[in-house]
Amino acid sequence: MDFNYTDTQTEIAKMIRDFADKEIRPYLMEWDEQQKFPVELFHKMGALGLMGVLVPQEYGGSGLGYFEYVTVVSEIAKVCGSIGLSTAAHNSLCTGHILYFGNETQKKQYLPKLASGEWIGAWGLTEANTGSDSGNMRCTATREGSDWVLNGTKNWITHGITGNVAVVLARTGEPRTRNNITAFIVEKGTPGFTSGKKENKLGMRASETAELIFDNCRIADSQRIGEIGEGFKQAMKVLDGGRISIAALSLGIAKGAYEASLRYAKERHQFDQPIAHFQAIAFKLADMATKIEASEMLIYQAADLKNKGTKMTKESAMAKYYASEVAVQTATDAVQIFGGYGYTKDFPVEKYYRDAKLCTIGEGTSEIQKLVISRSILHQ
Ligand SMILES: Cc1cc2nc3c(=O)[nH]c(=O)nc-3n(C[C@H](O)[C@H](O)[C@H](O)COP(=O)(O)OP(=O)(O)OC[C@H]3O[C@@H](n4cnc5c(N)ncnc54)[C@H](O)[C@@H]3O)c2cc1C
């Protein structure tokens, strides 16, 4: 398999670097410190085709594949993890769910707005008491005539306040039974649908994370995605693809931290020589470079299977698990290579360090990825 960028990937990477230098890099620390979600940036990214990367052109998207999508998310994350996370969540989760499971009317109604960046998408699976055990959710959707009435709260939802539309998973059957969850599209402004607390986070601070609250929120049956009771299976498939994007997010953060460390190790002198001359530092760089390339291989393996439409639950879990742990290790070593300066906000590595940790948690923790991988190995 050839992991070199194709011409399209090279063009995308260049476009993102130019865009990021002008529109992201100068502001990222301000957004981080103020926890500002820069919604206007995402409108601009929509104009560049970055908000509907996988959406076919007939619905206003870029019509690209997973290799290009990995390039988009990782190149953005190299500069800013928060913007990378929001790009991944918008493309893979809300947009992805409607793209893969919505009917023609729903696709025509929502995908052009999401792909153009005019609308920001949110996706609500997690609740306060059901994170890893998301299938045990409390949020309910009750049938009333031709409508559904939603009640409950979703937590940790990316774009929970700013999102114009949310795909929401709710329980439509008895607790702890099979096929008891259904997916719905809920627009902002629907009576009974509000946003709650915004989380004050360690990292990824420019990516908004907040509660979605449903209090007798009535929606038409036409907002249901797919069949009643299919929601959880849909969500797991959405996450299979989503995990490739979180792996790409991890890869971008790791590459950003590595490249900054490599430059610094050559420039910083101690004991009359560049610190890169000390084996302790050079070996850290060697570990970083090796693990980054290994991550890349796992990510492209999963992306290749996804492009071919082959089942890739194990491969995407492996890519997400490995790449996210590598991002944390690389960012930690990067702070060490920068010494005291790495512990300040004057250099980029402290932000990589804070942002990286999310990658081992969001869209399934590392422990849950190991569960998915081991189940798949054991039942092969
Ligand atoms: C910044 C951010 C953005 C997010 N965005 C979204 C979003 O847009 N939409 C959405 O629906 N969710 C979102 N999430 C939620 C995220 O997916 C959950 O936080 C994650 O799935 C973990 O759930 P939890 O936080 O409840 O942890 P818990 O499930 O309570 O886990 C706590 C610990 O127990 C471990 N654990 C749990 N069960 C097992 C087990 N069976 N075996 C071994 N270990 C186990 C976990 O690995 C973890 O270490 C987001 C979270 C964050 C932090």
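Table for the structure above
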{"read-out": "Paramagnetic reach from Gln279 (point 7 Å along Cα→Cβ, amide N under 18 Å) across region 319-337", "value": "none"}
{"read-out": "Rounded to the nearest 10 Å², the accessible area of Glu350 at probe 1.4 Å", "value": "20"}
{"read-out": "³J(HN,Hα), Karplus 6.51/-1.76/1.60, whole Hz, each residue of region 140-153, x for Gly, Pro", "value": "10, 10, 10, 6, 10, x, 9, 10, 10, 10, 9, 9, x, 10"}
{"read-out": "With eigenvalues of the C-alpha gyration tensor scaled by 5 and rooted, region 34-184, Å", "value": "28, 18, 14"}
{"read-out": "Residue among Gly135, Asn155, Val165 farthest towards the positive dipole end of the chain, charges placed on Cβ", "value": "Gly135"}
{"read-out": "Value at 222 nm in deg cm²/dmol, rounded to 500, when DSSP H runs of n ≥ 4 in the chain each add -39,500 (n - 2.57)", "value": "-16500 deg cm²/dmol"}
{"read-out": "Amide proton proximity set for Val165, modelled H, under 5 Å, gap of 5+", "value": "Ile120, Ala122, Lys188"}
{"read-out": "Dimensionless Rg ratio for region 266-380, taking C-alpha atoms and the 2.2 N^0.38 Å reference", "value": "1.30"}
{"read-out": "Point-charge dipole on Cβ atoms (K/R +1, D/E -1) for the chain, about Cα centre, debye to 20", "value": "580"}
{"read-out": "Solvent-accessible area per residue, Å², over the chain with all protein chains present [probe radius 1.4 Å]", "value": "43"}
{"read-out": "Heavy atoms of Thr332: accessible area, 1.4 Å probe, square angstrom to 10", "value": "60"}
{"read-out": "Using θ = phi - 60° and Karplus 6.51 cos²θ - 1.76 cosθ + 1.60, couplings along region 214-223 (whole Hz; Gly, Pro as x)", "value": "10, 10, 6, 7, 9, 10, 6, 4, 5, 8"}
{"read-out": "Environment charge at Lys306 (Cβ cut-off 13 Å; Lys +1, Arg +1, Asp -1, Glu -1)", "value": "+2"}
{"read-out": "Set of region 234-252 residues, backbone N closer than 16 Å to the point 7 Å along the Cα-Cβ line of Leu371", "value": "235-237, 239-240"}
{"read-out": "Equivalent ellipsoid semi-axes, the chain, via Cα gyration tensor eigenvalues times 5, rooted, Å", "value": "36, 21, 20"}
{"read-out": "Stokes-Einstein D (µm²/s) once Rh is taken as the Kirkwood radius of region 153-291 over alpha-carbon pairs, at 20 °C in 1.002 mPa s", "value": "114"}
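The values are calculated or read from the model by the stated rules, or taken from the named source; none is laboratory data. It should be emphasised that the depicted structure is a prediction, and the values quoted were computed from it without experimental measurement. Ideal geometry is used to build each Cβ from the backbone, glycine not excepted, and the neighbour counts take in all protein chains shown. Only protein heavy atoms, including side chains, enter the accessible area calculation; ligands, DNA and RNA are left aside. Shrake-Rupley method; radii C 1.70, N 1.55, O 1.52, S 1.80 Å.
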